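Novice: The structure's right below; bear with me while I get my questions together.
We did not get these values from a lab; they are worked out from the coordinates using the rules stated. Computed from a predicted model, the values in this text were never measured in an experiment. Please note: Cβ atoms are built from the backbone with ideal geometry, for glycine as well, and neighbour counts cover all protein chains shown.
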Amino acid sequence: MIAGVDVNYRDGRATAACVLFADWSDGELSGRFVSTLPTPASYQPGMFYRRELLPLTVILEKVTGPLDAVIIDGYVWLDDRGKPGLGGYLYRALKESVPVIGVAKSRFRGETFAGRVFRGRSNRPLYITAAGINQEEAADHIGSMHGPHRIPTMLREVDRLCREVDQ
């Protein structure tokens, strides 16, 4: 099973969502979870993980079966020397037992190491980083995901799910 996770912040709350799907090319969900908790920390530049990590680990605790990979909205590594981004911290929190793939919509300042995936008709890439899986393989997986647009269907769904007003 593959999990896509995301977090949205509103009114002092963090709403984390998780969508599950069995295969990279799936267009239908196998499961979904939503969890809301108080915002764990205020945003601090360079310390994004302090805000996001707790909601992501809480939502992933709801998954009962084994995971083949977790996809996050963001970077796993912030440089080519292994400085952890949100995904790196999540990989460690998961005891390095599940590959984590970061899919960022914008380029991190000065970044030159992420894989680039062009999807749909977009001439803007998605920036792919990974832990526990080869980065090229991770990029291939993201490229093969369902949907005709730049953002794969399952990642659009998890974004929509965590932004829903009525939880």
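Novice: For region 130-145, in order, what is each residue's ³J(HN,Hα) by Karplus, 6.51 cos²θ - 1.76 cosθ + 1.60 with θ = phi - 60°, in whole Hz (x at glycine and Pro)?
Specialist: My calculation for region 130-145 gives 7, 10, x, 8, 4, 4, 5, 5, 4, 4, 4, 4, 5, x, 8, 5 Hz in order.
Novice: Which net charge results for the neighbourhood of Tyr127, defined as the other residues with beta-carbon distances under 9 angstrom from its beta-carbon, given Lys and Arg at +1 and Asp and Glu at -1? Write down the numbers at each step before the final one.
Specialist: Values: positive: Lys105, Arg107, Arg116; negative: Glu111.
Within the 9 Å Cβ shell, the charges total +2.
Novice: With a Förster radius of 25 Å, plug the Cβ-Cβ distance of Asn123 and Asp159 into 1/(1 + (r/R0)^6) and report the FRET value to the nearest 0.05. Can you show the working numbers first?
Specialist: On the way: r = 21 Å, r/R0 = 0.85.
After rounding, the FRET efficiency stands at 0.70.
Novice: Compute the semi-axes of the equivalent ellipsoid of region 2-163, taking the square root of 5 times each eigenvalue of the Cα gyration tensor, and list them largest first in whole Å.
Specialist: On the way: eigenvalues 90, 74, 48 Å².
That gives 21, 19, 15 Å for the three semi-axes.
Novice: Show the residues, 5+ positions off or on another chain, whose built amide H is closer than 5 Å to the amide H of Arg119.
Specialist: Residues meeting the criterion, in which the H sits 1.01 Å from N, are Leu126.
Novice: Filter the trypsin sites (Lys or Arg not before Pro) in region 101-153 down to the DSSP loop ones having no more than 16 other Cβ atoms within 10 Å, then list what survives. Don't skip to the end; give the middle numbers.
Specialist: Values: sites: Lys105, Arg107, Arg109, Arg116, Arg119, Arg121, Arg150; in loops: Lys105, Arg107, Arg109, Arg119, Arg121, Arg150.
Here the trypsin sites (Lys or Arg not before Pro) that fit, given the DSSP loop and packing criteria, are Lys105, Arg107, Arg109, Arg121.
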